[in-house]
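Quick notes on the structure that follows.
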Amino acid sequence: MFAPDALSDDKFLCGKLQLLQPIRGYRAATDPVLLAAACPAAIGQRVLDIGCGAGAAALCLGWRVPGLILTGLEVQPDYADLARRNGHRNRIDLTVHEGDLREMPKELRTEFDHVITNPPYYPPAGTPSPVAGRAIAMQVDLSLAAWVEACVRRLAAGGYLTLICGADGLPDVLQGMGQKMGAISVLPLAPRDGQPARRVIIQAQKGRKSPFRLLPPFVLHKGQSHDGDRESYTPSADLVLRQGAPIFGLLR
C-alpha cells in the first residue's frame, strides 16, 4: 500500500471531493470527472466502475447522485485501497473489488444498470511509464474492443455503458459493442473551439435499437491557445468540472 508521504490530497469538483492520490503513478485529472458527468444514473441504481483507480469517477458520480449502489473493480490492490479510503473520507458508499476484468470476481458476475469506464489509453507496444502503477493504468495487454466486450457483459437489459477514451479508439469501442448495444451517442471533447477532438465520450444502451448519434463537440477551454490562465474553461466545462453538472444536460 502507499506510504502516507507518497500521497497527495487533491480537490475535485472545486473542493466538493477530497481524494488521496499517489504523487508518482497514475493520477486522475479531468477524464473521470467528465465520465461521471456523462453517466445518466438515477437514485437507487447499480453502477459498476471498471478500472476505478483511486475512485475519482465513481465518487464524482456518487456526489452528484446520492443513493446509488456504487461498485468498483480495480486490478491494483494499492489503488483499490485508496478508492475505499476515498469513499469513506467523502462519506460516499463505494464497494471496491480487486481483480482483472478478464477473470471477473464472482461478486461482480451479475447485472448492473450502468457500467462506466476509462480504459487504458495505450497499447502495450508503446514505451511504458517507469512508474509501475502508472504503466498498468495507462497500458494493458488487452484490446480496447475486448475491454468493452467485458463491460457489456455486466449490463442488464436496457443498461447503459458510458466510457471516455482517445478519439482514435472509437472504431475499437464500436467493435466491442457489437450488436448488443444501440442508441449509441458519441460526444467529441475538443480542447478549444475549432480544434480536433482528442477524446470522446461514448454512451450506449443494451438492447436498444435507436440510431447512432454524433453530437456537436463539447469545448473545454476558451480562446485559441493556452495563455497560462487556469480559469480558461468555457462556461459549460466549468459547470461540469467544477460544479459537477451533468454534461448531456448542457448540450443544445
(request) Working only within segment 199-211, note down all residues that are modelled with pLDDT under 95 and either open to solvent by less than 10 Å² (accessible area, probe 1.4 Å) or of a type outside the set (Gly, Ala, Ser) (or both). (result) Arg208, Lys209, Pro211
(message) When you scan segment 118-137, do you find a residue that is hydroxyl-bearing (Ser, Thr, Tyr) and modelled with pLDDT of 90 or more, even just one?
(response) no
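Looking only at segment 54-70, count how many residues are in contact (Cβ under 8 Å) with a residue 40 or more places away in the chain and surrounded by 24 or more Cβ atoms within 10 Å (Cβ to Cβ). Talk me through it step by step, then tell me what you get.
Within segment 54-70, the subset in contact (Cβ under 8 Å) with a residue 40 or more places away in the chain is 55-61, 63-64.
When the remaining residues are screened for being surrounded by 24 or more Cβ atoms within 10 Å (Cβ to Cβ), the result is 55-61.
Counting residues in segment 54-70 that are in contact (Cβ under 8 Å) with a residue 40 or more places away in the chain and surrounded by 24 or more Cβ atoms within 10 Å (Cβ to Cβ) gives 7.
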(request) Any residue in segment 187-209 that's under 14 Å from Thr117 (Cβ atoms): show its pairings with residues that are among the acidic types (Asp, Glu) and open to solvent by less than 60 Å² (accessible area, probe 1.4 Å) at Cβ separation under 9 Å, as long as the two are six or more apart or on different chains. (result) Arg199/Asp31
(request) Please give the number of the condition Gly87 fails out of (1) open to solvent by less than 10 Å² (accessible area, probe 1.4 Å); (2) closer than 18 Å to Leu163 by Cα. (result) (2)
(request) Would you mind finding the one in Arg85, Arg91 that is more than 15 Å from Phe112 (Cβ to Cβ), free of Cβ contacts under 8 Å to residues at least 40 places away in the same chain and basic (Lys, Arg)? (result) Arg91
(message) Looking only at segment 156-188, how many residues end up being buried (at least 22 other Cβ atoms within 10 Å of the Cβ) and either of a type in the set (A, V, I, L, M) or not in a helix (DSSP H, G or I) (or both)?
(response) 10
(message) Could you check segment 234-252 and list, in sequence order, the residues that are in contact (Cβ under 8 Å) with a residue 60 or more places away in the chain and not in a helix (DSSP H, G or I)?
(response) Gly244, Ala245, Pro246, Ile247, Leu251
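The values are calculated or read from the model by the stated rules, or taken from the named source; none is laboratory data. All figures in this text were calculated on a predicted structure; none of them were measured in a lab. Quick reminder, even Gly has a Cβ in these numbers, built from the backbone with ideal geometry, and neighbours come from all protein chains shown. Just so you know, the surface numbers come from the protein's heavy atoms only, side chains and all, with ligands and any DNA or RNA stripped out. Shrake-Rupley method; radii C 1.70, N 1.55, O 1.52, S 1.80 Å.
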